[in-house]
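The block underneath contains the structure these notes are about, expressed in structure tokens.
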Amino acid sequence: MSDVREQRHRLVDRVPEGRTEAAARTLQSLATPPEAPDRRPVTFVDEQELSEEAVQAFHEGVADGDAGRTYTIGEAEQELGL
């Protein structure tokens, strides 16, 4: 086994029990090709710690970004009169 692979295994073994789900999501995202239709963004906050409204808002934001419903910083500043 290569040194890098061994290091990855050691790091996975060191993940605390309460963070294993987040670690698994991160690894799954890294292993999924960017063009895969079922690829989900990585979240570094445990969704169980968030309100249902916050989780919903996050997923709506991701969908907006995927659909191109975004503003540049300049556009947002202009819209807000900044």
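Quick look at the numbers
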quantity: Pick from segment 44-69, criterion surrounded by 11 or more Cβ atoms within 10 Å (Cβ to Cβ) and in contact with a helix residue (DSSP H, G or I) (Cβ under 7 Å, 6 or more places away or on another chain), ranking: modelled with the highest pLDDT; calculated: Val55
quantity: Qualifying positions in segment 26-43 - among the aliphatic types (A, V, I, L, M) and at pLDDT 70 or above; calculated: Leu27, Leu30, Ala31, Ala36
quantity: Residues that are under 22 Å from the mean Cα position of the chain (by Cα) and of a type outside the set (A, V, I, L, M), drawn from segment 65-82; calculated: Gly65, Asp66, Gly68, Arg69, Thr70, Tyr71, Thr72
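The values are calculated or read from the model by the stated rules, or taken from the named source; none is laboratory data. Treat the numbers as computed from the prediction; the structure is a model and nothing was measured. With ideal geometry, Cβ positions are generated from the backbone for all residues, glycine too; neighbour counts draw on all protein chains shown.
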